[in-house]
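**Student:** Please find one structure pasted underneath; my questions will follow.
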Amino acid sequence: MRFSQIFAGLTLASSAMAAATPQQIADGIRAITQKSAALQGPAQSITILNAPLIVIGQGPFPAIIAGFQDIVSTATVLAGQLEGTQPIKRDEPQHARDISARGADADLIFNTFREFVRVHQALLNILIGKAGILTKIPLVGPPVAAVLRSVEAIVDTIAITLINLVQARAGDLESQADALGNTLDLAIKQYEGLSV
(Lines give C-alpha, C1' and ligand atoms only; values in the text may rest on other atoms or scores of the structure.)
Protein backbone atom coordinates (compact mmCIF):
# COMPACT_ATOMS: atom_id res chain seq x y z
CA MET A 1 0.00 0.00 0.00
CA ARG A 2 2.78 2.41 0.88
CA PHE A 3 4.51 1.63 -2.42
CA SER A 4 1.40 2.64 -4.38
CA GLN A 5 1.23 5.96 -2.49
CA ILE A 6 4.89 6.67 -3.28
CA PHE A 7 4.36 5.71 -6.93
CA ALA A 8 1.29 7.94 -7.17
CA GLY A 9 3.27 10.82 -5.65
CA LEU A 10 6.12 10.31 -8.10
CA THR A 11 3.70 10.19 -11.01
CA LEU A 12 2.14 13.48 -9.93
CA ALA A 13 5.57 15.04 -9.43
CA SER A 14 6.85 13.92 -12.81
CA SER A 15 3.64 15.15 -14.45
CA ALA A 16 4.04 18.56 -12.84
CA MET A 17 7.72 18.71 -13.80
CA ALA A 18 6.86 17.98 -17.43
CA ALA A 19 4.51 20.97 -17.68
CA ALA A 20 5.67 23.79 -19.91
CA THR A 21 5.08 27.51 -19.48
CA PRO A 22 3.74 29.52 -22.43
CA GLN A 23 7.24 30.95 -22.94
CA GLN A 24 8.77 27.46 -22.97
CA ILE A 25 6.17 26.33 -25.49
CA ALA A 26 6.96 29.31 -27.71
CA ASP A 27 10.70 28.68 -27.36
CA GLY A 28 10.21 25.03 -28.31
CA ILE A 29 8.21 25.98 -31.39
CA ARG A 30 10.88 28.57 -32.33
CA ALA A 31 13.59 25.90 -32.07
CA ILE A 32 11.67 23.71 -34.51
CA THR A 33 11.11 26.71 -36.79
CA GLN A 34 14.85 27.42 -36.88
CA LYS A 35 15.60 23.81 -37.79
CA SER A 36 13.04 23.98 -40.57
CA ALA A 37 14.50 27.24 -41.89
CA ALA A 38 17.98 25.70 -41.89
CA LEU A 39 16.79 22.98 -44.29
CA GLN A 40 15.64 25.45 -46.94
CA GLY A 41 19.18 25.90 -48.32
CA PRO A 42 19.84 22.18 -48.78
CA ALA A 43 16.36 21.78 -50.31
CA GLN A 44 17.05 24.61 -52.76
CA SER A 45 20.31 22.90 -53.78
CA ILE A 46 18.57 19.73 -55.04
CA THR A 47 19.33 19.10 -58.69
CA ILE A 48 18.90 16.18 -61.05
CA LEU A 49 22.67 15.73 -60.86
CA ASN A 50 23.11 15.61 -57.07
CA ALA A 51 19.88 13.80 -56.12
CA PRO A 52 21.18 10.32 -57.13
CA LEU A 53 24.07 10.77 -54.68
CA ILE A 54 21.65 9.67 -51.97
CA VAL A 55 22.68 6.11 -52.84
CA ILE A 56 26.19 6.76 -51.46
CA GLY A 57 25.03 8.99 -48.61
CA GLN A 58 25.98 12.24 -50.31
CA GLY A 59 24.20 15.15 -51.93
CA PRO A 60 21.47 17.20 -50.25
CA PHE A 61 19.04 14.41 -49.37
CA PRO A 62 20.95 12.76 -46.49
CA ALA A 63 21.25 16.18 -44.81
CA ILE A 64 17.57 16.92 -45.44
CA ILE A 65 16.47 13.55 -44.06
CA ALA A 66 18.73 13.96 -40.99
CA GLY A 67 17.35 17.48 -40.52
CA PHE A 68 13.78 16.22 -40.59
CA GLN A 69 14.71 13.49 -38.10
CA ASP A 70 16.14 16.21 -35.85
CA ILE A 71 12.89 18.15 -36.16
CA VAL A 72 10.94 15.03 -35.16
CA SER A 73 13.23 14.50 -32.16
CA THR A 74 12.96 18.12 -30.99
CA ALA A 75 9.20 18.17 -31.56
CA THR A 76 8.81 14.91 -29.63
CA VAL A 77 10.52 16.51 -26.62
CA LEU A 78 8.18 19.49 -26.89
CA ALA A 79 5.16 17.20 -27.15
CA GLY A 80 6.29 15.46 -23.97
CA GLN A 81 6.48 18.79 -22.16
CA LEU A 82 3.00 19.71 -23.32
CA GLU A 83 1.47 16.62 -21.68
CA GLY A 84 1.52 18.07 -18.18
CA THR A 85 0.64 21.63 -19.16
CA GLN A 86 -2.51 23.21 -17.82
CA PRO A 87 -4.88 24.91 -20.29
CA ILE A 88 -3.86 28.45 -21.10
CA LYS A 89 -6.87 30.54 -20.27
CA ARG A 90 -7.59 33.88 -21.78
CA ASP A 91 -7.06 36.91 -19.59
CA GLU A 92 -10.04 37.95 -17.55
CA PRO A 93 -11.65 40.94 -19.26
CA GLN A 94 -11.41 44.22 -17.40
CA HIS A 95 -14.93 45.09 -18.46
CA ALA A 96 -17.85 42.73 -18.74
CA ARG A 97 -18.32 43.82 -22.39
CA ASP A 98 -14.74 42.92 -23.32
CA ILE A 99 -15.37 39.28 -24.24
CA SER A 100 -12.71 39.27 -26.95
CA ALA A 101 -9.79 39.33 -24.53
CA ARG A 102 -7.47 36.55 -25.62
CA GLY A 103 -4.43 36.97 -23.45
CA ALA A 104 -0.78 37.55 -24.13
CA ASP A 105 0.13 33.90 -23.51
CA ALA A 106 -2.39 32.63 -26.04
CA ASP A 107 -1.22 35.19 -28.60
CA LEU A 108 2.44 34.32 -27.98
CA ILE A 109 1.83 30.63 -28.64
CA PHE A 110 -0.37 31.28 -31.67
CA ASN A 111 2.07 33.73 -33.24
CA THR A 112 5.04 31.38 -32.83
CA PHE A 113 3.02 28.47 -34.23
CA ARG A 114 1.89 30.61 -37.19
CA GLU A 115 5.52 31.51 -37.91
CA PHE A 116 6.49 27.82 -37.75
CA VAL A 117 3.73 26.99 -40.24
CA ARG A 118 4.90 29.75 -42.60
CA VAL A 119 8.55 28.63 -42.50
CA HIS A 120 7.75 24.92 -42.70
CA GLN A 121 5.37 25.42 -45.62
CA ALA A 122 8.10 27.33 -47.45
CA LEU A 123 10.44 24.35 -46.97
CA LEU A 124 7.79 21.86 -48.06
CA ASN A 125 6.94 23.94 -51.12
CA ILE A 126 10.60 23.87 -52.15
CA LEU A 127 10.59 20.08 -51.83
CA ILE A 128 7.31 19.82 -53.74
CA GLY A 129 8.76 21.90 -56.55
CA LYS A 130 11.95 19.82 -56.65
CA ALA A 131 9.96 16.57 -56.84
CA GLY A 132 9.01 17.50 -60.38
CA ILE A 133 12.61 17.24 -61.58
CA LEU A 134 13.18 13.93 -59.79
CA THR A 135 10.76 11.73 -61.72
CA LYS A 136 13.68 9.81 -63.26
CA ILE A 137 15.25 9.22 -59.81
CA PRO A 138 12.66 7.07 -57.98
CA LEU A 139 15.06 5.95 -55.25
CA VAL A 140 14.78 9.37 -53.61
CA GLY A 141 11.05 9.05 -52.96
CA PRO A 142 10.67 6.38 -50.25
CA PRO A 143 13.13 7.76 -47.66
CA VAL A 144 11.85 11.33 -48.07
CA ALA A 145 8.20 10.24 -47.90
CA ALA A 146 8.93 8.16 -44.77
CA VAL A 147 10.58 11.02 -42.89
CA LEU A 148 7.82 13.41 -43.96
CA ARG A 149 5.23 11.00 -42.52
CA SER A 150 7.15 11.10 -39.22
CA VAL A 151 7.14 14.89 -39.30
CA GLU A 152 3.42 14.89 -40.07
CA ALA A 153 2.66 12.61 -37.10
CA ILE A 154 4.49 14.73 -34.52
CA VAL A 155 3.24 18.02 -35.96
CA ASP A 156 -0.32 16.68 -35.73
CA THR A 157 0.29 15.69 -32.10
CA ILE A 158 1.60 19.14 -31.21
CA ALA A 159 -1.15 20.94 -33.13
CA ILE A 160 -3.95 18.95 -31.50
CA THR A 161 -2.43 19.50 -28.07
CA LEU A 162 -2.06 23.25 -28.67
CA ILE A 163 -5.63 23.50 -29.93
CA ASN A 164 -6.80 21.86 -26.70
CA LEU A 165 -4.49 23.93 -24.48
CA VAL A 166 -5.06 27.37 -25.99
CA GLN A 167 -8.83 27.62 -26.24
CA ALA A 168 -8.74 31.39 -26.85
CA ARG A 169 -6.92 30.78 -30.17
CA ALA A 170 -8.17 27.25 -30.90
CA GLY A 171 -9.85 28.21 -34.18
CA ASP A 172 -6.80 30.11 -35.40
CA LEU A 173 -4.46 27.27 -34.41
CA GLU A 174 -6.71 24.74 -36.14
CA SER A 175 -6.72 26.81 -39.32
CA GLN A 176 -2.92 27.00 -39.34
CA ALA A 177 -2.60 23.28 -38.56
CA ASP A 178 -4.99 22.39 -41.40
CA ALA A 179 -3.02 24.51 -43.87
CA LEU A 180 0.25 22.87 -42.83
CA GLY A 181 -1.36 19.42 -42.91
CA ASN A 182 -2.50 19.98 -46.50
CA THR A 183 1.01 21.00 -47.55
CA LEU A 184 2.54 18.01 -45.76
CA ASP A 185 0.05 15.68 -47.46
CA LEU A 186 0.95 17.10 -50.86
CA ALA A 187 4.70 16.75 -50.20
CA ILE A 188 4.27 13.15 -49.03
CA LYS A 189 2.22 12.29 -52.14
CA GLN A 190 4.83 13.86 -54.40
CA TYR A 191 7.64 11.78 -52.92
CA GLU A 192 5.55 8.60 -52.64
CA GLY A 193 4.93 9.03 -56.36
CA LEU A 194 8.66 8.79 -56.98
CA SER A 195 8.92 5.22 -55.70
CA VAL A 196 10.15 2.45 -57.98
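The values are calculated or read from the model by the stated rules, or taken from the named source; none is laboratory data. The structure presented is a predicted model; accordingly, all values stated were derived computationally and were not measured. Positions of Cβ are generated from backbone atoms using ideal geometry, with glycine treated the same way; all protein chains shown enter the neighbour counts.
**Student:** Looking at the stretch 153-162, which of its residues are under 14 Å from Ile71 (Cβ atoms) and surrounded by fewer than 18 Cβ atoms within 10 Å (Cβ to Cβ)?
**Tutor:** Across the stretch 153-162, the qualifying residues are Ala153, Asp156, Thr157.
Quick grid of which residues meet (1) in a loop (DSSP other than H, G, I, E, B); (2) under 18 Å from the mean Cα position of the chain (by Cα):
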position: Gln24; (1), (2): no, yes
position: Ile29; (1), (2): no, yes
position: Ile32; (1), (2): no, yes
position: Lys35; (1), (2): no, yes
position: Pro42; (1), (2): no, no
position: Thr47; (1), (2): yes, no
position: Pro52; (1), (2): no, no
position: Phe61; (1), (2): no, no
position: Ile65; (1), (2): no, yes
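**Student:** Looking at the structure I just gave you, is Lys136 surrounded by fewer than 20 Cβ atoms within 10 Å (Cβ to Cβ) and outside any helix (DSSP H, G or I)?
**Tutor:** yes
**Student:** Which one of Asp156, Asp178 is more than 27 Å from Gly57 (Cβ to Cβ), in contact (Cβ under 8 Å) with a residue 12 or more places away in the chain, in a helix (DSSP H, G or I) and among the charged types (D, E, K, R)?
**Tutor:** Asp156
**Student:** Can you confirm whether the stretch 52-68 contains a residue that is aliphatic (A, V, I, L, M), farther than 19 Å from Ala145 by Cβ and at pLDDT below 95?
**Tutor:** Looking for residues that are aliphatic (A, V, I, L, M), farther than 19 Å from Ala145 by Cβ and at pLDDT below 95, one finds at least one in the stretch 52-68, hence yes.
**Student:** Looking at Gln86, Gln5, which is the one that is loosely packed, with under 13 Cβ neighbours inside 10 Å, closer than 19 Å to Phe110 by Cα and modelled with pLDDT under 95?
**Tutor:** One residue alone meets the criteria, Gln86.
Matching residues to (1) at pLDDT 95 or above; (2) more than 27 Å from Ala66 (Cα to Cα):
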{"position": "Asp98", "(1), (2)": "no, yes"}
{"position": "Phe113", "(1), (2)": "yes, no"}
{"position": "Phe116", "(1), (2)": "yes, no"}
{"position": "Leu124", "(1), (2)": "yes, no"}
{"position": "Ile137", "(1), (2)": "no, no"}
{"position": "Leu148", "(1), (2)": "yes, no"}
{"position": "Gln167", "(1), (2)": "no, yes"}
{"position": "Gly181", "(1), (2)": "yes, no"}
